[in-house]
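The structure under discussion appears below in the form of structure tokens.
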């Protein structure tokens, strides 16, 4: 059946354009997804270290520094591919209410990630000095990871925004 | 042909009907699938980059292996469960989709590469555990792993654009 559709499309004038643009979109999105994989895993590692769940053989600062370059290089790639994708996004772009949700979540995630990394760069023991800070770290670290997960969800749901934001009429 | 029939039979199950008919089922499953695939590739890439001498060079290979694999296997399990559920709705269309077939082949290739690395190359890990320069077999395994998993993501995303007649 797919072959029939492809054969039929192959005889229309749009064929080359549609094929190449879908391929370009799929490839750009793939890079977007792969780079986001680096971000998610890096944030995940820093989060579980701050929660004291893993990686105790290494200081939180050292671990944060080890993953920092991958986190921010991934982030840069995500932003670049995201901007290019946005130019051809149509209904999935700026007019999409889910896009505003995604951006809000993303900015919160970036700010919290940068704040956690900055605090660790300033003082290895920053999140262990007082009981209050220890408790706060156990709250902020998973929150940071969850904000990134929510950003990815909103990103995927750009394609389904009418399901999540049904038209009022 | 029998395989295609089996895939088509999956579409008649109650689970498949739920995935097709509930407006939130597909988007929610898909989001979990994307997140888990990101974590599979992001985590395994860190081990591959260590084997290539690019990342975490001052850390033992076994240490990186231990910190990465719980993420990889947990995320992989979630991605398989969500992936299977996602395809039930129109299993026949996925089974006959070229990009889906390529994705399955690349995953199988990644599995074979992992098995060869684990059962052969890994046996001598204590000889090169702390070394920045790992043996050629380990580097090749790492390059293959990166290539296969990048291919899996590209084909996976491509499936979404090419699978025919999406009714929901």
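Checked against the criterion of being more than 12 Å from chain A (Cβ to nearest Cβ), part of a helix (DSSP H, G or I), touching a helix residue (DSSP H, G or I) at 6+ places or on another chain (Cβ under 8 Å) and buried (at least 16 other Cβ atoms within 10 Å of the Cβ), region B:23-37 contains not a single residue that satisfies it. Here region A:124-147 is the region considered, the condition is being surrounded by fewer than 18 Cβ atoms within 10 Å (Cβ to Cβ) and over 13 Å from residue A:50 (Cβ atoms), and the residue that is modelled with the lowest pLDDT is A:129.
The condition of being in contact (Cβ under 8 Å) with a residue 24 or more places away in the chain and in contact with a helix residue (DSSP H, G or I) (Cβ under 7 Å, 6 or more places away or on another chain) holds for only one of A:119, A:64, that being A:64.
Would it be correct to say that residue B:77 is modelled with pLDDT of 95 or more, in a helix (DSSP H, G or I), within 10 Å of chain A (Cβ to nearest Cβ) and farther than 30 Å from residue B:130 by Cβ? Against the criterion (modelled with pLDDT of 95 or more, in a helix (DSSP H, G or I), within 10 Å of chain A (Cβ to nearest Cβ) and farther than 30 Å from residue B:130 by Cβ), residue B:77 does not qualify. Take the conditions (1) part of a helix (DSSP H, G or I); (2) crowded, with 18+ Cβ neighbours inside 10 Å; (3) within 10 Å of chain A (Cβ to nearest Cβ); (4) over 16 Å from the mean Cα position of the chain (by Cα); residue B:56 misses just one of them, which is (1).
For region A:130-165, the tally of residues that are assigned to a helix (DSSP H, G or I), over 18 Å from residue A:74 (Cα atoms) and either touching a strand residue (DSSP E or B) at 6+ places or on another chain (Cβ under 8 Å) or more than 14 Å from every other protein chain (Cβ to nearest Cβ) (or both) stands at 13. Among helices (runs of 4 or more DSSP H) entirely within region B:92-168, having at least 3 residues that are under 22 Å from residue A:28 (Cα atoms) singles out B:98-119, B:136-162.
A single entry from B:45, B:93 fulfils the requirement of being within 24 Å of residue B:130 (Cα to Cα) and within 12 Å of chain A (Cβ to nearest Cβ): B:45. Of the residues A:88, A:82, the single one that is closer than 26 Å to residue A:30 by Cα and within 14 Å of chain B (Cβ to nearest Cβ) is A:88.
How many residues does region A:45-59 contain that are surrounded by 24 or more Cβ atoms within 10 Å (Cβ to Cβ) and at the interface with chain B (Cβ under 10 Å from one of its Cβ atoms)? Residues meeting the conditions: 2. Residues that are facing chain B (nearest Cβ under 7 Å) and closer than 14 Å to residue A:85 by Cβ were ranked within region A:26-44; the one that is surrounded by the fewest Cβ atoms within 10 Å (Cβ to Cβ) is A:27.
The values are calculated or read from the model by the stated rules, or taken from the named source; none is laboratory data. Treat the numbers as computed from the prediction; the structure is a model and nothing was measured. Note: ideal-geometry Cβ built from the backbone for every residue, glycine included; neighbour counts use all protein chains shown.
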